[in-house]
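Report on the structure given below.
Where a number appears in this text, it was derived from the coordinates with a stated rule and is not lab data. Quick caveat: nothing in here was measured; it's all calculated off a predicted structure.
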Amino acid sequence: MFSSYTMTTLRYHRDRCINCGRCSEVCPHAVFLAGDEKAELVRPESCMECGACAGNCPVRAIEVDSGVGCAWAMISAALRGKDMDQCSCGGEAGSCCAEPEKR
Ligand code: SF4
Ligand code: SF4
């Protein structure tokens, strides 16, 4: 049976990882942790498929279908009764997870 808590589109190709640490820095849910030699996928069930990790991985070691945008930002906005704004995911430009433009 499908469970959104245990099945996501997140795929980690550990063999490609160069241990740059970006995924663990940008993930808002601590799905990845920095390891001694490779990033460690420690909480895949917490992934909200925002795409920030994949967008920041320089060697494409992470794949995720982030077509719906950042679920965290969407839920947060709904709870606050406001429009969705930027979250701290650090995703690609143009997404809800985009970093603020530098002035
Ligand atoms: S898609 Fe978002 S929530 Fe999921 S592991 Fe990557 S940064 Fe974390
Ligand atoms: S961003 Fe990519 S290369 Fe960097 S630690 Fe994460 S998986 Fe490894």
Whole-Hz ³J(HN,Hα) for each residue in region 29-41, computed from phi via Karplus 6.51 cos²θ - 1.76 cosθ + 1.60 with θ = phi - 60°, x for glycine and proline: what do you get?
10, 6, 6, 10, 10, 5, x, 6, 10, 9, 5, 10, 8
Determine the gain in length on full extension of the stretch D15-V59; use 0.36 nm per residue of separation and subtract their C-alpha separation, reporting nm with one decimal.
14.8 nm
Once amide H atoms are built 1.01 Å from N in the peptide plane, which residues 5 or more positions from I62, or in another chain, come under 5 Å H to H?
H13
